[in-house]
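In what follows, a single structure is set out as structure tokens and then discussed.
The values are calculated or read from the model by the stated rules, or taken from the named source; none is laboratory data. In this text, all values refer to a predicted model and were calculated from it rather than measured experimentally. A quick note on method: Cβ atoms are made from the backbone with ideal geometry, for glycine too, and the neighbour counts reach across all protein chains shown.
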Amino acid sequence: MGMNAPAWTFAALFLPFLAAALAPVLVGRFGARAAWFLALAPFLSFLNFLRFFGEISRGEVVTGGYMWAPSLNLSFSWFLDGLSLTFAALVTGIGTLIVIYSGGYLKGHPHQGRFLAFMLLFMGAMLGLVVSDSFLMLFAYWELTSIASFLLIGFDHERPAARRAALQALLVTGGGGLCLLAGLVLLWDVTGITQMSLLIHMETSLRESPFYLAILLLVLGGCFTKSAQFPFHFWLPNAMEAPTPVSAYLHSATMVKAGVYLLMRLQPALGATPAWEILLPFFGGITLVAGALMALRHTDMKMMLAYTTMASLGLLVMLTGFGSPHAVEAAVLYLVAHALFKGALFMIVGAIDHEAGTRDISKLAGLRKFMPWTFAAAVLAALSMAGLPLFFGFLAKEEIYAALAAGNPRAVFFTTLALIGNALMFAVAFGIAFKPFLGVFAHHEGVRHHIHEAPLSIFLGPAALALAGLVAGLASGVVHTYVSSPMASAILHETVTIDISTLPHIGLPLFLSLVTIAFGLAIFWKLSRVRSLMAALFESLGPGPDRGFDTALNALLHFAASVTRIVQPGRLEIYITITFVLVAAMLLVPPIVFGELPGLPPLPAGGVLVQEGLFLGIAVIGIAAVLRAGDRLTAIVSLGIQGFAVAVIFLLFGAPDLSFTQFMVETLSVVILALVMTRLRLSPSDSRPIGQRLFDGILAIACGLGFTLLLLKTFETPFDNVLTDFFNAYSKVIAHGANVVNVIIVDFRGTDTLGEIAVVTITGLAVLALIRVRAGGKTP
Amino acid sequence: METLFAVLIGLFFAAAIYLMLSKYTVRILLGVALLGNAVNLLLFTTGGLTREVPPIIPAGSDVLSTVAANPLPQALILTAIVISFSFFAFLLVLTYRAYQELGTDNTDKMRLAEPTDEPLPPMGY
Amino acid sequence: MNTLILRTVAPFVTALTLLFSVFVLLRGHNEPGGGFIGGLIAVSGLALYGIAFGVGAVRRALHFHPMAIAGAGLFLSTLSGTISLFAGVPFMTGLWIYPHLFGTEIPLSTVMSFDLGVYLVVLGAITSIALALEQEPGPEADERQSGPDGPQKRGDV
């Protein structure tokens, strides 16, 4: 086709944005069917990334891109290794299914086009994030995902809860994004590197930098907020206000993994230090257990999944920071497994909600009769989440236990955390897969009477992902070769080979797995009892950070309002006074403090010619007359006098151009003033009270004195002629003009002049607008 | 000569600022007009003062004579004069229209944008 | 102000002023002058015409709305800067051509058209301001405004 590989990848990165732009038009024209067509964009993108798996599995990396601003060392460049390629494939692959799912889920919604546009916008941003090589590009995409998430969570913007959740997610993840920016800038400053592909080759110097801890904390601030780690976790459950496709895609499979992605990406550069190996497992572990416990208190299946997502993210952070190659391998396996089963379960909950009208687990039972295929997909996904043999989730869990169970006290502690978390998630998985489907269907309030199997567009996504979990478990060798091993190698920055298979083999991990299953089954058995217990427990803990967020936000608004009242009292006089007090302070304080006052000025060198003195004198008289002007005519005339005096001064000192311009301007000023002043009132005397007059006078004189001193000081330093010499030397030779002033204006500094005439045009328009617009919108 | 200019410019600034500190829009306007001249003169003087020889390259030569005035500040000031004039016109019209609509030229009584009893921003979402 | 003398002289003076303004504009590159000054001179000529014959006469004489003239000037200046891009040199690089007309070499350049744009902007924008102000209803129209802060009560301040 004549297109080389970088061009294809570039196209693959921009296809989602293109589809986002087209979505509203296509949905407006073809309705929900447009989703099938729009899904082509992520699918083609997915195919593009698929073709790199061969190269990557051989340990190569793919880089490409275009220079953007070479002088600033900015480029639009991507970097594909095992880690970013796996993420890119997940984003586009699951993205394809999600777009189709959204087509069915929001069929007939008046704003479906907008929804799909936001969704594809997010997809493009997330894809860019994971393949970015340059820091700034990564940051830009990082923030774009936050914005897309804001738009999607607030999609039902007529509900206050959705608005609140959207704003909360934006403030938390956006604030984290700023932390990240600071961290990246610091990283750039310390290493001089702006590209991930170069950074991960840095071996030790960064860890020894005095800024290491600051960089780490700032980067963690970004990652922890994005990946909903304790204590920034509260936005994620609230984000479930979004339509279910959003929860399935952004808040389980992709966006919340951005933090984990970045931690994995930076592991070679920032990892393997005590700070890293304490902070990550500690916060990850808390998030894991807290999330799993909180999941059990809900009856809304979406909330249950949201909290288990939080728990899973905690587990991933914990493993990433644990500090052994095995733990990283386990994180890799769990990440892939989680993306598959959690995406599927969210979509299944959405399907149930869509068909039955509720997702309350306590109201649903016996759905298997109506939705047998959905039930089958749910079981497949839940078995993978529960970590039973044959499924990919099993591999992940085995590897987790193998990595953690090392015998020392630290390992025992984290193994216990993992065990508790896994058992609780097991119970949730079984709860969602079996409670709504088994038993006898009984009608509850809010449940529909006639329930049908979900349509193909809704069923396709969860079925494909659930099946993928089983296939990946069975064909684990292939998956390890092309996905898990290259990804783990990229994170560890050394070649590792994962070979764990789904056949159970006797050992400590298997024993721990059995304990997990037994424990999980026990909780599942008593699910409603455990639920009320948990509800009571969290009730007794009092309001969490979620309520704290509201309080903080309200306090901030009150604070802003009071600050505004203080700094903006609404009186122009005060603003002007403050401005000039600062001007006077700036001009007078530093020279006095640093002893830089100019020396006593010399007497006028070369004497003052009579005409010069005359016009300086006239200018002074003009100023005095303006100050004392008590009526309009005096004001106009005296303003004119000082203006013409300045024009003559320009003429006397070799500036005919200025002089003519000033003459014309003064003439026109007089004309315009005469036109307007007749309609304005000038109070005959300056009505300031004497104290005010004194204060203003002293302030004005202080400023004037400041400028005089500034000038005198300037004369003491020799004049720097560089620019003048440049213009002088080239004015005639290059620009063919003898009037250097004019050549500077229209040629050398032409762009400035262009801006200036634009300003003149705009003031002309503004004056017209001011004169024509009357209060109340009447135009004469 | 420069010293005299420094003093003159100081006077210009002082007068402009004194007028601008007034409550009344017309005086503020007069102050702004003076301020424009003050700044132009400041720039002009900083660039060095030369008597009478304009920065025009004589015929037959490729560069300015050594006694010619410095063209750079002149170029800066020339555009500044025109821009400050157009802004002066804008401000004048603004003053006039404000007087027409609000019926006052006392800035303390112009509270359209920042009313005295401004309510709190909306709390909640 | 519209005395007989002014009315008789104004057309001639305005015509001369406008001619002079173009002269100042064109010689600007080598002698004192240029677009800014030329534009201001032209405005003063038009202002005089306006004083003598009223705003309507100036508007008729101009044919175009003054802001349209300013807009055209801004467009011309931008265009003059952009042409150099097509010649493969950075924005705003001056380009010169020397066509021969009636046997004399006439130097033309994008710099000159740029300056012409400046001239038109200044002419249009400031004429527009001046005309808009002249056309405004006089002070008697303001007297309709009354109230606690009305103009007629302001003598005490």
Condition set at pLDDT 90 or above and crowded, with 18+ Cβ neighbours inside 10 Å, scope region C:1-17, selection farthest from B:ILE77 (Cα to Cα): answer is C:THR14
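Being within 7 Å of chain A (Cβ to nearest Cβ) and in a loop (DSSP other than H, G, I, E, B) is the filter; apply it to region B:55-66 and report the residue that is farthest from the chain's Cα centre (by Cα).
Going residue by residue through region B:55-66, those that are within 7 Å of chain A (Cβ to nearest Cβ) are B:55-57, B:62-64.
Restricting the remaining residues to those that are in a loop (DSSP other than H, G, I, E, B) gives B:55, B:57, B:62-64.
Details: B:PRO55: 25, B:ILE57: 31, B:ASP62: 35, B:VAL63: 33, B:LEU64: 30 Å.
Restricting to residues being within 7 Å of chain A (Cβ to nearest Cβ) and in a loop (DSSP other than H, G, I, E, B), the top hit is B:ASP62.
Surrounded by fewer than 24 Cβ atoms within 10 Å (Cβ to Cβ), of a type outside the set (Gly, Ala, Ser) and under 26 Å from A:ARG531 (Cβ atoms): which single residue out of A:MET310, A:MET303 fits that description?
Numbers: A:MET310 fails: surrounded by fewer than 24 Cβ atoms within 10 Å (Cβ to Cβ).
Criteria check complete, one pass: A:MET303.
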Looking only at residues that are at the interface with another protein chain (Cβ under 7 Å from one of its Cβ atoms) and small (Gly, Ala, Ser) in region B:2-54, which one is nearest to A:LEU673 (Cα to Cα)? B:ALA33
Please verify whether region A:608-630 includes one or more residues that are in contact (Cβ under 8 Å) with a residue 12 or more places away in the chain, assigned to a loop (DSSP other than H, G, I, E, B) and either more than 23 Å from B:ALA68 (Cβ to Cβ) or touching a strand residue (DSSP E or B) at 6+ places or on another chain (Cβ under 9 Å) (or both). yes
Restricted to region C:52-102 and to residues being within 19 Å of A:ALA735 (Cβ to Cβ) and facing chain A (nearest Cβ under 8 Å), the residue modelled with the highest pLDDT is C:SER77
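Here's the yes/no breakdown for (1) of a type in the set (Phe, Trp, Tyr); (2) more than 19 Å from A:ARG531 (Cα to Cα); (3) buried (at least 24 other Cβ atoms within 10 Å of the Cβ):
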| site | (1), (2), (3) |
| --- | --- |
| A:LYS397 | no, yes, yes |
| A:ALA402 | no, yes, no |
| A:ALA405 | no, yes, no |
| A:ALA411 | no, yes, no |
| A:THR415 | no, yes, no |
| A:ALA418 | no, yes, yes |
| A:ALA423 | no, no, no |
| A:GLY431 | no, no, no |
| A:PHE441 | yes, yes, no |
What number of residues in region B:69-125 are crowded, with 19+ Cβ neighbours inside 10 Å, among the small types (Gly, Ala, Ser) and in a helix (DSSP H, G or I)? 4
Within region A:561-586, restricting to residues that are over 18 Å from B:ILE28 (Cα atoms) and within 7 Å of chain B (Cβ to nearest Cβ), the one that is surrounded by the most Cβ atoms within 10 Å (Cβ to Cβ) is A:ALA561
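Output the residues belonging to region A:38-61 that are within 26 Å of the chain's Cα centre (by Cα) and either assigned to a helix (DSSP H, G or I) or β-branched (Val, Ile, Thr) (or both).
Going residue by residue through region A:38-61, those that are within 26 Å of the chain's Cα centre (by Cα) are A:38-39, A:41-43, A:45-46, A:49.
Within region A:38-61, A:LEU38, A:ALA41, A:PRO42, A:PHE43, A:SER45, A:PHE46, A:PHE49 qualify.
Is at least one residue of region A:202-221 under 21 Å from A:ALA290 (Cα atoms), surrounded by 24 or more Cβ atoms within 10 Å (Cβ to Cβ), in contact (Cβ under 8 Å) with a residue 40 or more places away in the chain and of a type in the set (Gly, Ala, Ser)? Working first, answer last.
In the first step, residues of region A:202-221 are kept if they are under 21 Å from A:ALA290 (Cα atoms); the result is A:220-221.
Subset that is surrounded by 24 or more Cβ atoms within 10 Å (Cβ to Cβ): A:220.
Now drop any that are not in contact (Cβ under 8 Å) with a residue 40 or more places away in the chain, which leaves A:220.
Now drop any that are not of a type in the set (Gly, Ala, Ser), which leaves none.
No, there is no match, as no residue in region A:202-221 is under 21 Å from A:ALA290 (Cα atoms), surrounded by 24 or more Cβ atoms within 10 Å (Cβ to Cβ), in contact (Cβ under 8 Å) with a residue 40 or more places away in the chain and of a type in the set (Gly, Ala, Ser).
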Going by the conditions given, is A:ALA253 within 26 Å of the chain's Cα centre (by Cα) and more than 15 Å from A:PHE224 (Cβ to Cβ)? yes
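To keep it simple, each residue is scored yes or no on (1) out of contact with any strand residue (DSSP E or B) (no Cβ under 7 Å at 6 or more places or on another chain); (2) surrounded by fewer than 20 Cβ atoms within 10 Å (Cβ to Cβ); (3) at positive phi.
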| site | (1), (2), (3) |
| --- | --- |
| A:LEU50 | yes, yes, no |
| A:GLU60 | yes, yes, no |
| A:MET67 | no, yes, no |
| A:THR92 | yes, no, no |
For region B:96-123, enumerate the residues that are more than 7 Å from chain A (Cβ to nearest Cβ) and hydroxyl-bearing (Ser, Thr, Tyr). B:THR104
Going by the conditions given, is A:ASP353 in contact with a strand residue (DSSP E or B) (Cβ under 8 Å, 6 or more places away or on another chain) and surrounded by fewer than 24 Cβ atoms within 10 Å (Cβ to Cβ)? no
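A:GLY64 - would you say it is more than 24 Å from A:LYS342 (Cα to Cα) and in contact (Cβ under 8 Å) with a residue 40 or more places away in the chain?
Details: more than 24 Å from A:LYS342 (Cα to Cα): yes; in contact (Cβ under 8 Å) with a residue 40 or more places away in the chain: yes.
Spelling it out, A:GLY64 is indeed more than 24 Å from A:LYS342 (Cα to Cα) and in contact (Cβ under 8 Å) with a residue 40 or more places away in the chain.
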So if I check each of A:GLY192, A:GLY183, which one is at pLDDT 90 or above and farther than 19 Å from A:ARG547 by Cα? A:GLY183
Has region A:376-388 got any residue that is crowded, with 18+ Cβ neighbours inside 10 Å, of a type outside the set (A, V, I, L, M), farther than 30 Å from A:ALA488 by Cβ and at pLDDT 85 or above? no
Please work out which one of (1) more than 21 Å from B:ALA14 (Cα to Cα); (2) at the interface with chain B (Cβ under 7 Å from one of its Cβ atoms); (3) in contact (Cβ under 8 Å) with a residue 40 or more places away in the chain is the condition A:MET677 fails and give its number. (2)
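Which of the residues that make up region A:752-768 are within 7 Å of chain C (Cβ to nearest Cβ) and small (Gly, Ala, Ser)?
A:ALA758, A:GLY764
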One residue from A:PHE727, A:PHE707, A:PHE748, A:PHE663 being free of Cβ contacts under 8 Å to residues at least 24 places away in the same chain, under 22 Å from B:PHE12 (Cα atoms) and crowded, with 19+ Cβ neighbours inside 10 Å: A:PHE663
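Kindly state which helices (runs of 4 or more DSSP H) lie completely within region A:301-410 and contain at least 3 residues that are in the same structural domain as A:GLU445 (by TED's automatic domain parsing) and over 30 Å from A:PHE282 (Cβ atoms). Reasoning before the result, please.
Numbers: elements: A:301-322, A:325-356, A:372-386, A:392-404.
Fully inside region A:301-410 and qualifying: A:325-356, A:372-386.
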Among the residues listed as A:GLY737, A:GLY750, A:GLY755, A:GLY764, the single one being more than 13 Å from B:LEU64 (Cα to Cα) and out of contact with any Gly (no Cβ under 8 Å at 6 or more places or on another chain): A:GLY755
